[in-house]
Amino acid sequence: MVIGDPQDAIAAVPFMLGFHPTDSLVVLASGGPRETCALRHDLPVTDDHVAAVLAGNGFLGAIVLGYGPADLVVPSARLIREALTAHGIEVLAAVRVDGGRWWSLTCPQEECCPPSGHTYDITSSRLTAEAVYRGEVILPDREALARSVAPLDRPPHEAMARAEERFFNSAREGPRSQTSSRTNQEGIALLDALLIRAQEGGPFPDDDELANLAVHLTSLTVRDAAWSHTQEGDPLFAITFWRHILQRVDEPYASAPACLLAFAAYSAGDGGLANVALDRAEPGYTMAILLREVMYAGIPPSELHIHLLPTRPKAGRTTRPRVPKPRPKAS
């Protein structure tokens, strides 16, 4: 991707984020060991965290784009420009984008940067043509991205209820340690079978399979086995698989697939999708907290290798499943 002028930058942003930003400040960074990245922040911006992250990852130059009205964009863009400069990052350009027009925030010459701004049309951009040729799709806004991981209209409530009943009945059989080991083994076997089938072009989990997997993912042992699969496999396949699961599970079981989707998305360099996926997890869910800290710290996806403990159940080492309480049966 070669960005030659502000219009190229404006055309590049939606493809790098996956959606058209609004009321946002976006920094396109380049010239570092990690090639190019785009960081988006809601307006207003009140600290230099974005600049610190880029400096910590060795970026040398940046373009600042503010999307929204002048009273929101101008002070935030000024703060970020000053922070970038203080961290040794050259600000190559700074523009405000709003209503199909853009204004330079650094050029005082009315001859080239008039007060009325410049019109732009990203559909005619070379960058847009290249992105469309690659099959990339952009969504109208961040809300559309969030809807792509939202629950479908028809969650499999009946299948979830059957899976819960089978799980709880199984958990009552035999000593606690033996029960935990057996259910973990069953969960990992189910996980392996469903992943292999989908990777080989077979069908994705149906309602009953999905419900059984969702219940088993409440075990940290099974969840971490899925995490290992995601870390070692193709992140684009993992995005498709865990999005399929997340859209269909009942809400009490959303945390594990939400975090697995977020991990796959961030590994693929899609921080926007990772963020909206994490919004589906419970606020106190440990894996969600860890991933948000990783992303906030600016650890690049290429270095995102989480060390996990062995996930295969062993004698004497079991993990008790953390299962939501059984739901009351309908009268």
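Things to note:
- Dipole magnitude for the stretch 6-144: about 200 debye, using +1 per Lys or Arg Cβ and -1 per Asp or Glu Cβ, origin at the Cα centre.
- Measuring between their Cα centroids, the stretch 196-220 and the stretch 17-95 lie 40 Å from each other.
- Cα long-axis angle, helix 220-232 against the chain (0 to 90 degrees, to the nearest 10): 50 degrees
- The residues ARG78, ARG142, when put in order of fewest to most other Cβ atoms within 10 Å, stand as ARG78, ARG142.
- Packing rank of 234-243, 197-206, where each peptide gets the mean count of other beta carbons within 10 Å, highest leading: 234-243, 197-206
- Net charge in the neighbourhood of GLU136 (other residues with Cβ under 12 Å of its Cβ; Lys, Arg +1, Asp, Glu -1) is -1.
- Rounded to 5, percent antiparallel among DSSP beta bridges of the chain: 70 percent
- About its Cα centre, the chain has a charge dipole of approximately 1460 debye under the convention of +1 per Lys or Arg Cβ and -1 per Asp or Glu Cβ, with nothing else charged.
- Cα-centre dipole for the stretch 157-303 with unit charges at Cβ (Lys and Arg positive, Asp and Glu negative), debye to 20: 260 debye
- In summary, the chain shows an alpha-carbon radius of gyration equal to 1.17 times the 2.2 N^0.38 Å reference for compact globular proteins.
- Antiparallel bridge percentage (DSSP; both residues within the stretch 6-144; nearest 5): 70 percent
Quick note: the coordinates plus some simple rules give every number you see, no bench work behind them. Here the structure is a predicted model, which means the values were calculated and not measured. So basically every Cβ, Gly included, is an ideal-geometry build from the backbone, and we count neighbours across all protein chains shown.
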